[in-house]
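Okay, structure first, notes after.
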Amino acid sequence: MTAKGTALRGVQAGRVEQSPGTASRGHFPEFGDERTMLKQRLPVRFMLVCSVAALVTGPVGAAKDDGATGGMTKAERAYLLSELKSSETALLTSITGLTQAQWTFKPSPDAWSVQECAEHLILAEDLIFDEARKTLGTPAVARLPNATSEGDRQIVAQMEDRSKKAKAPKVIQPAGKFPTPESAAQEFKLRRDKTSAYVKTTNDPLRVHVGDGPSGATADVYQFLLELAAHSARHTSQIREVKAATGYPSS
């Protein structure tokens with residue numbers, strides 16, 4: 001298993017981070033309208049039929065309900081986008097306006113600072129998204145039994161649960177790359193914007209390609225991305241714990 005593969009299995013509830021107290025290519029369809037202009041040659045009635053069909057189906061590459069072919073349903077897409085946005089907002093809000101002392105404060109020598117939590121999330125965003133794309137290159141399988149609304153929400157809840165903690169894999173451990181909250185916020189937003197843009201537009205069959213997900217359990221690509229969002233929420237909770245720790249600077 002590659003270093004990335006090993007690390008991905010460690011990004012889970014119970015194997016994600018130090019506690020505060022202590023495979024092939026993915027498919028990105030090119031977007032474009034391949035319909036030709038035949039108005040000059042077609043009978044009027046046929047033109048009207050084609051026009052109605054175009055309004056219903058939309059341009060080639062547009063986001064749509066692909067549940068029947070292994071892609072996301074409209075409801076699944078909406079839920080994933082909501083999780084991505086809410087976790088992004090929560091993280092960026094939690095690090096906005098921090099002083100340098102607050103940014104680097106560590107509750108204990110072996111605990112992460114807010115700075116380190118943010119860097120870990122930036123590194124993990126790249127890792128999980130890249131592994132999700134690679135998993136799209138695996139053979140398609142039947143939809144997983146837990147690929148349901150209830151199952152998806154359970155996966156999110158399990159990732160956000162911080163009752164189990166452990167050391168993060170080395171490849172996504174922080175190393176002081178982002179000296180200020182502003183620099184970290186910018187880098188995180190760049191990555192999350194890419195993830196969100198993909199989810200908004202893709203018609204890839206995310207629900208029928210599976211692998212070892214961020215939690216270590218078998219997951220489809222849609223669930224990979226749900227765990228990516230939940231992982232951000234998990235560490236935003238950790239940031240709140242750091243802020244609540246004894247000795248956290250008031251300014």
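Between Ala111, Ala101, Ala75, the distinction of being out of contact with any helix residue (DSSP H, G or I) (no Cβ under 7 Å at 6 or more places or on another chain), surrounded by 19 or more Cβ atoms within 10 Å (Cβ to Cβ) and of a type in the set (Gly, Ala, Ser) belongs to Ala111 only. Among the residues making up region 157-167, those that are part of a helix (DSSP H, G or I) and buried (at least 18 other Cβ atoms within 10 Å of the Cβ) are Met159, Glu160. Among the residues of region 78-98, those identified as surrounded by fewer than 20 Cβ atoms within 10 Å (Cβ to Cβ) and not polar (S, T, N, Q) are Ala78, Tyr79, Leu81, Lys85, Ala90, Leu92, Gly97. Residues that are in a loop (DSSP other than H, G, I, E, B), hydrophobic (A, V, I, L, M, F, W, C) and surrounded by fewer than 23 Cβ atoms within 10 Å (Cβ to Cβ) within region 203-251 comprise Val208, Ala217, Ala245, listed in sequence order. Just one of the listed residues (Lys200, Lys170) is surrounded by fewer than 16 Cβ atoms within 10 Å (Cβ to Cβ), at pLDDT 95 or above and farther than 18 Å from Leu144 by Cα, namely Lys200.
Taking the criterion of being assigned to a helix (DSSP H, G or I), under 21 Å from Thr69 (Cβ atoms) and β-branched (Val, Ile, Thr), would at least one residue in region 168-187 satisfy it? Checked region 168-187: no residue is assigned to a helix (DSSP H, G or I), under 21 Å from Thr69 (Cβ atoms) and β-branched (Val, Ile, Thr).
The values are calculated or read from the model by the stated rules, or taken from the named source; none is laboratory data. Note that the coordinates shown come from a computational prediction; the quantities given were computed from them, not determined experimentally. Ideal geometry is used to build each Cβ from the backbone, glycine not excepted, and the neighbour counts take in all protein chains shown.
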